[in-house]
Structure formats: structure tokens, C-alpha cells
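What follows is calculated from the coordinates using simple rules that are stated; it is not laboratory data. Quantities reported herein were computed from a predicted structural model and do not represent experimental measurements. Here Cβ is always computed from backbone atoms with ideal geometry, including for glycine, and neighbour counts include all displayed protein chains.
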Amino acid sequence: MRSAAWLFALAPLLAGDVFAQEGGGEPPAGGEGDAAGADAPKDEGEWFAVVGGDVYTGTGAVLRGATVLARGGVIREIGHEVEIPEDAKRLDATGLSVYPGLVALNVRGVANRLGAGDYADSFDPYSQNLVLALAAGITTVSEGSVALKLKRGEVKGVVMRERFLSTLGYSTSAPRSKGELDEKFAAAAAYLRRYRDWEEQKKTNKELKEPPARGVDPSIRAILENRTLARFNATTRTDLLGIARLAQKHKFRPVIEGAVEAWTVADELGRAGAYAVVVPRSRRDKSEELVRPGGSSIENAAILHKSGVQVAIQASSTFIDLGGIAGRDILHLPIEAGFAVRGGLPEQAALEGITIVPARILGVDHRVGSLEVGKDCDLILLDGDLLHYQSLVQYTVVDGKLVYEKDKELYYAHIRPRPSTQPADAPEARRDKGEEEVKASDSEGEDKPEDKPEEKPEEKPEEKPSDGASDEG
Amino acid sequence: MLLRTFLSSLLPVALAASALAAPADLLAIRVGRAETVSHGAIEHAVLLIEDGRIVTIGADLPVERGIPVLERPEWTVMPGLVLPYSRLGLDGRAGAEFTPEVSPAAEVLPRISDYRDALELGITTIGLYPPGNGVPGQAIAIRPKGDTLEEMLIKEGAYLKVYFRADARSKKMVKDAWAKVDEYDDKVKKAKEKWTKDQEKSKSAKKPAEGEKKDEEKPADKPAEKSGDAGKGAAKGFVPPPPDDKVRPFLRVRDGKLLPLVSISQAADWAHWLDAIGERKFDFALRVVMQRELDLYYVLEEVAKRKCTLVMEPEITYQIATMRQRNLPAEFAAAGSRIVLIPRGEDLDSHAAWRVDVGDLVKNGLERKTALDALTLAGASVMGLEKDYGSLEKGKVANLLFLDGDPFEPATKVMAVMLDGEFVHGEVRQ
């Protein structure tokens, strides 16, 4: 018996899972369980399961009624016949759509810093904007040059990656700096060739000195060595074309923000392996002096995608902005992506544009941006399609912990409350439930008959009548 | 003395604040109600006071003949108010960044009228803290009466004031302070190893006598124990090197002899404080600076889990960005934390409104029992004075506040105040 347990403990990952699950269910196996824990130190942390949702993994797959199982904040299994340990926290996702948490580029004021210094020292894990962002499904942002995970109530592990992008200036209107940039790349490339030669020769001749790195721009060198990505901000066709050619010449992948006229040179950008960060709703008139195509196009993202450019989608406002024209700030990232779909971008590409592509740009795609085994359990649950403007984020999970629950959040609980969370004793609620059974096949699919009815936000009763009315109408 | 007892039983003697019975005298006080704080309320209570302490307290106790009795059936008695966090009567000297060894004792001006005013409102114990950011120093506990500091002083090192905010500087300060403690521990460990070796070399048993007392301060953590195992029998005479002035307070914190009172002003401060102290286990209390909007409702459970006492003003605050009122003291208490409520300000009006402000919280859901504790015993406990102060119990110092009604009613007046067994305020005729 004992030796059998040892075999289990030493078996590969999947078998290890099974063992751990059994261990959770049977207390007597505790002694051997400890031994297994010592062998595999990663088998720690709480189990968390999102059960029965339509899982959009972000890699193209959709698993209907599947389960995502995580331990210690890392996804362990995604599938239909997942054995869930007894002590796992369960989140019933029946009728809900599960997506990877969204990644928002270049935001401001979401991850608040309270004092001077690093995010690790002064991140506000309780700020209002943080809650608003989580309510919008955003779980990772980049502020300044830092990729941050939006943890709620925790300050450890907030900073995911720093200074992954190095910003370069390139403009055809400043030919001198343009030429200098080209020279810098050439110098850095030449140096790297010398360096690699030296590395080879060193094996035979140990006396040989390392080639001097004088005059080599360290940030350019890092770009050529793929340690960072080069970020440009360019709008016009000529600039975009110049960047594309520079990148092809020196063999690096540029990240181009703005990229309004990119659709006119999409094939060149595609050949350069560029990333484009676009705002699908941004508008720019064509220059009347030019005959060739120009200006903004709603098809921009779609054309770029077709040409092999990786498209990340950014909202037109970089902060949470509750004034002015509604729906343009970072809380409406999926709507912005929806506009790209309107211009012909496939829905899968639009989803990637707000998840995995920005994650790649930030250098954190090994952890976030899609739902895959081994990645962080950052996911959102919606009552409909992510890109549909009526869908609401019902739950947000970061690192395998529930950090946002719409029906319990002061600002959101009253908005289209889910009928099942109505108090059981209220007559109004009972009538709603009756209706809801009839409408169960409704396309909105927001209903979830057997939710935990024991907890509900305080102000729920006030909101009930309006909900009932809208259901009838 | 006999004569005096005889006289006082025959004719009513006016005891003004200046002309008091000698503290050695026995005095029985019969009141309508006593809020003991520690054991609930006692109706028709009798207290026996001797030598400045409460000898007995109970309901309808028989009083021996010859003991003078103060009959005040219309009065309510409660322990004198304990205000553990104050700058009353001190000048506004700003403290330095990191001076954990400093005490505000030098700032105290004994005869200042503020202390008399406080005393007349029933405030019988005050904790004075040193000002400044960072770790400005240690608080002292005083009684608000006396001609010299020695007469006033109850305790030095009542708690260690720590000002903490979610920023790099505060976190570095905390981490550095503990790093210094580790450094000192290493030093002690090495000194001890050396001492053990020397001891083994020269088997002549020459034991310095004065080592015994300092041994207490010797850290009792793992590295020290390990080295202790090597030469346990001989370890008695070891004198650890004296710690630095800035390290000593933190050694006392670690050993549970000094309580840090950590000032925070938002939930994020709490999260970063926990991050800064890491795995270290020591007790601490929290000073919460009340603002109009406060997001501490996010950390109710966590704070309760750590068993922190909170020092806060009796104020209703608002949920962030809303007009939702929150009774945070009541919420913290309900979550399981102990709370100390202090006046909203340092001025006379704030002190006068103190009880009533707390009464407002009681009307808004704070438990009455908790509120009484928050005015007295909890505050004494923060200063490490709960054995002698803060409640009406046998053996405790007779600091009493006599009222003509419920402590939380605005119309209730202070009838008399007793400090260390002497009436210091009020017209008291037996």
C-alpha cells in the first residue's frame, strides 16, 4: 500500500493530480500525501474550479460546458471530465462564457500608486479604479513601462515585468534622427556579429579578448537580442513604411502604436513581423494632396490581420473616463474590439487583440492572455459574448481567486441583476423565477437558475421592480 | 486619624479638590449603578476604597461601622476615562525620521491647565506620544495631576509609535529596523560562541555576577537557542553585547514587551505593512486616522485575524465615492477586533464631547459594552496598564468617574472625579 502511494507520488504530472485529489478526499492518506508534497513543491495552494461554463480559451478553442481547474493560481486542467478535489472552491459557470482576463495596454491611473517609489511598494490594492477595471474584465495592464497584474487586496506579485518595451523615435519629417537610428542598428548588429565570432573563437583560443562594446546603444542591442521589443509611435503611411523596412533590414519585430494608415502598407508590416496597436475607432482624414490611399479605415485591423500583422486593440482613452462621450475609455475595451470586428476582423482575432497579443507585447504571454494549462488562472465570466455590448462581466478571477462578483459590488449590483440572486422570500422574485424558466433558452443566456441564494447585496430589493418591468417588456 | 473618622461620621465634611482625605483612609461609596467595564453593570453598587485602590466592589455590600460612606444613589460610577493617544499639553516639536528611543517626557509641562481640564472631564490616564513621521519614539503614560513629571508619570515605554504609509520609504524603514535586529542577533550569537570557547579553554569558573539581569534581554530565537545547546550549562554567566539604542526598542517589540502602535490611513497601508513585516510574528496595535472617506472596510476580517487593537476616533465615515455611511468602529468590533475610541481633537470641546461622540456610535450600532471598554480598559491595555487601570475591579487603582446618568447621554454631567483614591473634582459631601 505504502509503496503504491510512493509510485503515485513519483508519477508524472497527471498522475500526481489524481493522487493529490484522492489525498484531499481521504484524510488517512495524510502521511504519504506529505511525502508527495515534498517531492513536488509546486503542488501547493488552494484548488479553484470554474465549473460548467463555455470556455473560450483564447487559442481558438471553445469548450462548451467545460471546467477550468487551477491550483495555487495556476491552471492545472481544462476539459470536460475534470476531477475536482473536494476541498476545491467552486464557481458555478453554468450558462456563462469564460474568457481569459483582458490585457489593457498603456493605461493611466488604474493601478494607483500611493507614494513615491515602485509599484511593489505603493500599489493600492483596494483602489476604486482597480475595481472598475476588474469589472470591465481587465486583469493585466501596462502603466508606464510596467506590466501589472490587477490583484485585489494583495500587494505581492503585482509587477509582472518591467521595461520590456523600449521606445524609439522614427519620423520621416526628421530625416537626421531617422538616419542615426539606422546607423545605431547597423553598429549594434556589427557588434553582435563580432561578439558571436569571439564566442566561437574563444572555445579554441582562450586568450582572445571580448570585443569592446563602446558606441553600441544598449537598448538597440537588447532589441536585436530579443530581450526587449522596439516600440514606435507612427501614424502616417510613410513613417509606417520606413519602420517596416528598418525592421526588415535589421531583423527585429517592431511594435507600432497608432498605426492609423497601416492598412495601406499592411503587407510590408506583415513581412516585418510587426505588432500593431490600433484604436479601431480613431479617425484621420486622408491627405487631399496625395493620390495614394490614406487616412483611417474601419478595416484597418482586419487588413493588418489578413497580412500577418499581430493586432492589439487599445481604447481611445487611456484612463477611466466617466465624462464626455461614453464608451471610449479603457472600461470599454471589448466594444473597441467590436468595432474592429465591424470592419471585418474575425472575432477570434479581436479576442486575441485584447488578450494574448498585448500580453506578447508586454512579454507576459507565458503567464496571461489565454487559458492554457500552466498559465495563470486569470479569467472572466460573462453572461454573453465578450464582444456583445450588452454582455456584463459577472465574475473576475485573478490568480485563482475570485476578485470581483458583480452582484456583490456596490456600483454594479443594481444593473440587470441576475434573477436567481433575488431573495427567495420576495414575491416579486418568485414571479421572476417563473418567467425565467420560460425564457431559459433566451439568447442572452444571463440566467443561472441555481446560484447561491444565501448572499445578496443590500440594495437589491429596490432594484427589483425595474428588473421585473424590463423582463415583461 | 480616629478623630477624623469620628468627625466625618458625625458632621458632613466638605471635601474640596484641595482638601482631601488622606489616601490611607478607608472610604465606602454607594452609588445607583456601577459600570465596571470588566464585569458588566452592577446596580446599587458599593465600592470600598483604601490606599488609592479599590478593595471591594459589589451590589449592596454591607459596610462596616466606622467606615465613612458616601451615599449617592442617583449617581453612576465608571472607571476614569483612559486616553492612550494624545499630545495634550505638549509643544509641537516635530520628531526625526527614526528615533525609536525617544520619549516625550521632556516635553511635559506638569502644571499646565489642559491637564486639569481633562481631569475635570474624568480623564484620569493619558498616553502621550512623541510627534513625527517614521518611528518617532515611545509613548509615556501619565496621570493628569502633579507638580513634577515624576508625580505624573505612570509608565515609560507605554508603546512604540510607528507612522506607516504605503510607500517605499516607510517600507524600507520597517525592513531596515528588523534587519538591524537580525544583525544584533548575529552579533550576540558570535559573542556567545566566542565566550563558550573561552570558557572551555580556561576552565576556571569566573562568573560575572551582573550578567544575570541582562540575560533577560538575550534574544530567545532559534540561532541563539542553537548556540545555547552547545554550552547550556555554562551559558549563565554570558553577557551579551549591549544593543544599540535604536535596536533595543525593537528587541523589546519582538519579545512582546513593547507594543508598536502603527498609524495607517487606508486599506492599502495595511496591505503594505503586512508585506513589510513579512513572516515576523509580534503583536501590534493600529492607529487609524479617520477621514471622511475610508476604505478600511476591505480589511475588517484580516485585522481581526491578527488580533489588533485599533485606536480610532468615534466618527461615522463614508464608503469611498458614495454617501453611504459606515460605522467602522462598530464594524471592526463586530469582526472581532478590540477598539479604543479617542476624542476627535486635542481641544477642550473635543474632550468634553468624547463620551457623547462615542454615544453616537452606540446609537448607530456599536455595542454598549464595547463602547465602555473603548473608553477605558482597551486604552489601558494598549499602554500595558490593564492590570491596574481601566475597570472597576478589586485591586485596581481607584480612578473613578461619577456621573448623574448614562455615560452616553448628552445631558449627563460629571459629578465628581476620583484619582488614585482622592476626589480631585466635584463637591463631595458625605
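Remarks
- Averaging the sequence gap over all C-alpha pairs within less than 8 Å and six or more residues apart, then dividing by the number of residues, gives region A:201-345 a relative contact order of 18 percent.
- FRET efficiency estimate (nearest 0.05) - Cβ-Cβ, B:ALA334 to A:ARG90, R0 22 angstrom: 0.20
- Residues in region B:112-139 that a label on B:ASP244 would reach, taking backbone N under 18 Å of a point 7 Å out along Cα→Cβ: B:134-138
- Computed E for A:ARG227/A:ARG271 - FRET, C-beta separation, R0 30 angstrom, nearest 0.05: 0.85
- Sites B:THR56 and B:GLU150 - FRET efficiency at Förster radius 30 Å, r taken between beta-carbons, to 0.05: 0.50
- For the pair A:VAL373 and A:GLU180, label points projected 7 Å from Cα toward Cβ lie 5.2 nm apart.
- Multiplying the residue separation of A:ARG284 and A:GLN348 by 0.36 nm and subtracting their alpha-carbon distance yields 20.4 nm.
- Exercise: per-residue mean of other protein chain Cβ atoms within 10 Å, A:114-123: 6
- Debye, to nearest 20: dipole size of region A:323-378, +1 on Lys, Arg Cβ, -1 on Asp, Glu Cβ: 120
- Fewest-first sequence of B:THR196, B:THR124, A:THR236 by Cβ atoms within 10 Å of each Cβ: B:THR196, A:THR236, B:THR124
- Shown here for region A:278-347: GluC sites (Glu not before Pro) in loop regions (DSSP other than H, G, I, E, B) with at most 13 other Cβ atoms within 10 Å, namely A:GLU288, A:GLU289.
- Difference of contour (0.36 nm per residue) and Cα-Cα distance, B:GLU302 to B:ALA168: 46.0 nm
- Computed from label points 7 Å out along Cα-Cβ, the spacing between B:GLN325 and B:LEU274 is 3.0 nm.
- Listed from fewest to most Cβ neighbours within 10 Å, the set B:MET383, A:MET160 follows the order A:MET160, B:MET383.
- Along the axis of the charge dipole computed for region A:166-368 (Cβ charges of +1 for Lys and Arg, -1 for Asp and Glu, origin at the Cα centre), the listed residues A:VAL311, A:LEU322, A:VAL255 are led at the positive end by A:VAL255.
- Label-point separation, B:ILE67 to B:GLU97 (7 Å along Cα→Cβ), nm: 5.9
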